1. Within 10 Å of each Cβ in B:129-136, how many Cβ atoms from other chains are there, averaged over the peptide?
2. Could you work out, residue by residue across B:75-85, how many beta carbons of other chains sit within 10 Å of that residue's beta carbon, and then give the average as an integer?
3. Counting only C-alpha contacts under 8 Å and six or more residues apart, can you give the relative contact order of chain A as a whole percent?
4. Out of the DSSP beta bridges found with both residues in the protein assembly as shown, what percent are antiparallel (nearest 5)?
5. Between residue A:56 and residue B:117, take the C-beta separation as r, use R0 = 45 Å, and let me know the FRET efficiency to the nearest 0.05.
6. Give the order of B:205, B:214 when sorted by the count of other beta carbons within 10 angstrom, beginning with the fewest.
7. Using only helices, what value at 222 nm comes out for chain A when you add -39,500 (n - 2.57) per DSSP H run of length 4 or more and divide by the total residues, to the nearest 500 deg cm²/dmol?
8. When DSSP beta bridges are limited to those with both residues in chain B, what percentage is antiparallel, rounded to the nearest 5?
């Protein structure tokens, strides 16, 4: 059941209702927006490539004629396109994971990092950066290029698994326990990160801080090929949990009464988020705020139904992250801002504005 | 009439405390059974186990001949619906959407239009059709309770396409309702029972219970004290014993009538 053709509403603008009634329109707008933002991202940069040229380069690529256009082709296909795709995947993954977590934790402020995956990935990445040269390199020679992302992904997944096991007793996972254990682990990981930065030398410190601010600048086709099979199936799988998440808004007992296999929904949601966020963090570092702001905006615009919210969050997350990244790499060109700084400095005030715009506050 | 729901030696122990102790109970199909007892008697625990939400530590519940534990959640949702004591909602769903949650994913051969119709009809039956477009989070406690009732009615209607022998559990359904809507909810429950639905309700108001119940189950300290027709169970002697309050029965027809003397 979609939002439903409710015209008797007394709270809420007419425009908001009409979007609630037409999820198709929401998706169409977001898809068009994503295409536009993608086009801008491909053409803007240190070397401007006109949109028409971008089209012909992409057309050539699809027909299989590469290597004919020289510099511009190289920039678009080898630099900007992988970066665009990375931004889309990471933005879509983080935003839809945020929506999933908020549904699961029954809290609109829940962050995809709550299940410990970001903290675990951060600790593993810091350990790889700081201790990798000293401990691992003597055993296996110079660290391979992929050691950092693989370590981060594994760290995130293992942490989430650990928290899940801590919170599960007798076949039932206590979401509250998981949340609190996640908070505890977050504090612990902060301390461990502090220790690692204390132990680091200057170069390691720079790597560490760059990684923890998040960036899409390391985008390569290899990275895309590595995270695509992790993030894309997760995003496609999410809407299958939508009915369960809608029912969970009433409470766990009520969801069970409505026939939702609550424990299976919890386990799947946590697994999907761990994979998606783990892959995102591994590829692009820690990028904050996308997971909270995007689902919240969509709920204000088009209502809280998860069948709309999960896929729409993926689209809007992709749009916002690609837009933010385009700004991050052009605003001070040829220098580049870490995107995490940009998403937080733009996201936080915008979020506040969204909250304050609504009179009477927001019920959590 | 045949027995639809049966508790056999039902017990529940949590961290050393026995909340329910060896309850045997048979609920007849199409009856309206009211569970009564003082605070902490195990009324809610009993209902939570009868509806499958809580697994018994000993004994079992049999619904329609099947052990409850063997029925998968999705199928069980077609066989029974549960109205909670109070329900918060995390996200700003409208009342119509909340009623819609009762039919989402349930039933056989229902089109989207059918589901919309079921939700709308349920809102009308619960006297909240006028709130359909309102944000549930902005409704009053009583209005929320009635929207929840609509959701439960919608679930039963959708479930009926799969299973016609259904049970409705009401856990203190009228706690936050005004008198008019208390009577309306109970009257609806009575109507449903007359149509063949089995209703099990936890109530606090002895008077209302006496007025609507076909059968009364009296619990005390996790044990079943007695189970039978209202006039046989709701006697001053029995209630004084269970509730620890001096009661005088007036025996006014048509229902037992109790007056508490402080």
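1. Values: counts 1, 2, 3, 6, 12, 6, 7, 3.
Mean inter-chain Cβ contacts per residue within 10 Å come to 5.
2. Values: counts 1, 4, 7, 1, 1, 1, 2, 5, 2, 5, 0.
Average per residue, whole number: 3.
3. On the way: 508 pairs, mean separation 107.4, N = 364.
It rounds to 29 percent for chain A.
4. In the protein assembly as shown, DSSP labels about 60 percent of beta bridges as antiparallel.
5. Working: r = 53 Å, r/R0 = 1.18.
The computed FRET efficiency comes out at 0.30.
6. Details: B:205 15, B:214 18.
Result, fewest neighbours first: B:205, B:214.
7. On the way: 17 runs with 258 residues, N = 364.
After summing the helix terms and dividing by the residues of chain A, the value is -23500 deg cm²/dmol.
8. On the way: 24 of 41 bridges.
Around 60 percent antiparallel, to the nearest 5.
Every number in this text was worked out from the coordinates using simple rules, so none of it is lab data. Here the structure is a predicted model, which is why all the values come from computation and not from measurement. As a convention, Cβ positions derive from the backbone with ideal geometry for all residues, glycine included, and neighbour counts pool all protein chains shown.
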